[in-house]
Structure formats: structure tokens, C-alpha cells
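Readers should treat all values here as calculations from the given coordinates under stated rules, not as data from a laboratory. Fair warning: this is a prediction, and the values are worked out from it, not measured in the lab. Cβ placement follows ideal geometry from the backbone for every residue including glycine, while neighbour counts extend to all protein chains displayed.
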Amino acid sequence: MNTKLTLTIDRSVIQSAKKYAGERGRSLSDLVENYFRMLTSGQEPPEKPLPPVTSSLKGALKAPEDFNYKEALVRSLEEKYLDKNQ
């Protein structure tokens, strides 16, 4: 049984979504319904394959076991953007 749903969405998003749906021969309602179905089913969306160049580089660099990416990122951004003479 279908039920009507009213959503408030930015006009440009709706236009883009309608174009996307039309290019795929689907309705906007169908896209929204399937998206909600995926969200509530607990299934992850299918992963897009990596481009060949990226795929060839995957795993090329090995970080130490105790490497903390977030700490390294923060440290790097601080060095780049914060004035050391403050």
C-alpha cells in the first residue's frame, strides 16, 4: 500500500534528483523509496570500484602499527596554518 509523503527539500536538489532519475528511467519516488529501504534494511550501499591508478597504489605504503592518522593530520594542519609566533 502506497502512502503519500511530503518533504521539504532545496529546489536545486529536487531538480538535480529529477534529472538523475530521468536519466535512469526511474521516478523520484522510486529513488526515494529504494533509498529508504536500503537505509532501514541495514545493508551498506554497494562500493564503487576504485579507478585503476588508485587501485594499483592501494597498499603500497605501510604505516607503523602505532601510527595515529588523526594525530598526524592535526599536527600537520597546525604546522601549516597556525602562526608559531602567536
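Output the 0 to 90 degree angle, nearest 10, between the alpha-carbon long axis of helix 69-81 and the longest principal axis computed from the alpha carbons of the chain. With both axes taken from Cα atoms, the answer is about 70 degrees.
Modelled spin-label separation between SER56 and LYS18, with each label point placed 7 Å from Cα along the Cα-to-Cβ direction: 4.4 nm.
Which longest uninterrupted range of the chain lacks any GluC sites (Glu not before Pro) assigned by DSSP to a loop state (not H, G, I, E or B) and surrounded by at most 16 other Cβ atoms within 10 Å?
Maximal segment without exposed cleavage sites: 1-46.
Computed about its Cα centre, the charge dipole of the chain is approximately 440 debye, with only Lys, Arg, Asp and Glu carrying charge at their Cβ.
By counting other Cβ atoms within 10 Å of each Cβ, how are THR40, THR6 ranked from fewest to most?
THR6, THR40
Given (i) 104; (ii) 260; (iii) 214 as candidate values of volume of the Cα convex hull per residue in Å³, which corresponds to the one derived from the coordinates? Read-out from the structure maps to (ii).
Taking a straight line from the alpha carbon of LYS18, these lysines sit under 23 Å away, with near neighbours fewer than eight places off in the same chain left out: LYS4, LYS48.
I'd like the orientation of helix 28-41 relative to the chain: the angle between its Cα long axis and the longest Cα principal axis, in ° from 0 to 90, rounded to 10. Result, in degrees: 60.
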